[in-house]
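The values are calculated or read from the model by the stated rules, or taken from the named source; none is laboratory data. All figures in this text were calculated on a predicted structure; none of them were measured in a lab. Virtual Cβ from ideal backbone geometry, glycine too; neighbours counted across all protein chains shown.
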Amino acid sequence: HIICFEGGLPRGPSGKPDLTTLRRQIQERLGGHGASAELSSGSCVPNPNVSPCLEPTLQQQVIALAAQVFNVAPEELSESTQAGVLTVWDSFNHMTLIVEVERHFGVSLSTPAIVNIKTLADLAQEVANAGS
């Protein structure tokens, strides 16, 4: 079972995740039992008392991460969203997205792969390649 954060993770004014608020929300959802230990493994916390969420696909996870990095609604993004066309997908946010994706999926993307990523579909494919 997984605790889902509808609408994304709580964020501070800079757009970064607000870990203090996140820990508090997790503790509330767990009924005050051990949120800090589970937090270290990622943003999804197993909880047998909460109905399970459908596990998102790789593509959906990439879109959700991109939405967080770009500070836009996931509905504004798709597999075909392109760097350069989406105004907030600049070189800095490209690298921020890469770091977040590598951290989330536990992979390391090669420099040529990073440079050749032009769409969110490209990014998902590189993650799949790196994980296999």
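Tabulated data for the structure shown
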| read-out | value |
| --- | --- |
| Considering residues of segment 114-132 that are of a type in the set (D, E, K, R) and part of a helix (DSSP H, G or I) only, the residue surrounded by the most Cβ atoms within 10 Å (Cβ to Cβ) | 126 |
| Filtered residue count, segment 74-130, keeping only those that are of a type in the set (Phe, Trp, Tyr) and under 18 Å from residue 64 (Cβ atoms) | 2 |
| Scope segment 64-113; condition assigned to a helix (DSSP H, G or I), β-branched (Val, Ile, Thr) and closer than 17 Å to residue 129 by Cα; matching residues | 98, 99, 101, 111 |
| Criterion violated by residue 41 - all others in (1) part of a loop (DSSP other than H, G, I, E, B); (2) of a type in the set (Gly, Ala, Ser); (3) at pLDDT 90 or above satisfied | (3) |
